[in-house]
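Enquirer: First, the structure itself, so that you have it in front of you.
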Amino acid sequence: MKIKKGDQVLIISGKDKARKGKTLEVFPKQSRILVEGINIRKKHQRPKKSGEKGQIIEMPGSISVSNVKLICTKCGKAARVGYKIVKGKKYRICKKCGQET
């Protein structure tokens with residue numbers, strides 16, 4: 001998977017199209033990611049103790065990794081990601097500027 005935790009990403013499809021966010025969690029087996037402030041879901045929670053009120057909690061839902069593009073740290077544009085192997089080490093590179101991200 002070409003997206004890692006902590007990356008800045010641009011959403012390219014869905015209800016949050018054209019919004020940017022930081023990757024909170026990555027699920028490689030399901031090929032899904034969790035992005036901060038994107039795909040917000042509302043969860044109704046029952047009261048746990050007597051006398052306590054129930055509440056509605058907003059939490060981010062996962063989205064498919066195919067719906068996001070990585071924002072390059074060097075050029076600041078959303079670009080595809082490639083790999084470059086130098087001396088046995090694998091680096092991610094931006095397909096627009098060619099710099100290591």
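Enquirer: Does Ser50 count as of a type in the set (Gly, Ala, Ser), exposed (fewer than 10 other Cβ atoms within 10 Å of the Cβ) and either free of Cβ contacts under 8 Å to residues at least 24 places away in the same chain or out of contact with any Cys (no Cβ under 8 Å at 6 or more places or on another chain) (or both)?
Expert: The answer is yes for Ser50.
Enquirer: Taking the stated definitions as given, is Gly14 touching a strand residue (DSSP E or B) at 6+ places or on another chain (Cβ under 9 Å), surrounded by 11 or more Cβ atoms within 10 Å (Cβ to Cβ) and part of a loop (DSSP other than H, G, I, E, B)?
Expert: Against the criterion (touching a strand residue (DSSP E or B) at 6+ places or on another chain (Cβ under 9 Å), surrounded by 11 or more Cβ atoms within 10 Å (Cβ to Cβ) and part of a loop (DSSP other than H, G, I, E, B)), Gly14 qualifies.
Enquirer: Just the residues that are farther than 13 Å from Val81 by Cβ and touching a Ser or Thr at 6+ places or on another chain (Cβ under 7 Å), please, taken from the range 4-22.
Expert: Within the range 4-22, Lys5, Gly6 qualify.
Enquirer: Is it the case that the range 70-80 has a residue that's out of contact with any Leu (no Cβ under 8 Å at 6 or more places or on another chain) and at positive phi?
Expert: yes
Enquirer: Criterion first (loosely packed, with under 13 Cβ neighbours inside 10 Å, farther than 22 Å from Glu100 by Cα, more than 8 Å from the chain's Cα centre (by Cα) and at pLDDT below 95) does Lys42 satisfy it?
Expert: Answer is no for this residue.
Enquirer: For the range 63-77, how many residues meet the condition of being of a type outside the set (Ser, Thr, Tyr) and either modelled with pLDDT of 95 or more or under 16 Å from Lys5 (Cα atoms) (or both)?
Expert: 8
Enquirer: Among all residue pairs at least 6 apart or on different chains, which show Cβ distances below 9 Å where the first residue, located in the range 1-23, is within 13 Å of Ser66 (Cβ to Cβ) and the second is part of a loop (DSSP other than H, G, I, E, B) and among the hydroxyl-bearing types (Ser, Thr, Tyr)?
Expert: Once the first residue is within 13 Å of Ser66 (Cβ to Cβ) and sits in the range 1-23, its partners that are part of a loop (DSSP other than H, G, I, E, B) and among the hydroxyl-bearing types (Ser, Thr, Tyr) give Met1/Ser31.
The values are calculated or read from the model by the stated rules, or taken from the named source; none is laboratory data. Fair warning: this is a prediction, and the values are worked out from it, not measured in the lab. Every residue, glycine among them, receives a Cβ derived from its backbone with ideal geometry; neighbour counts consider all protein chains shown.
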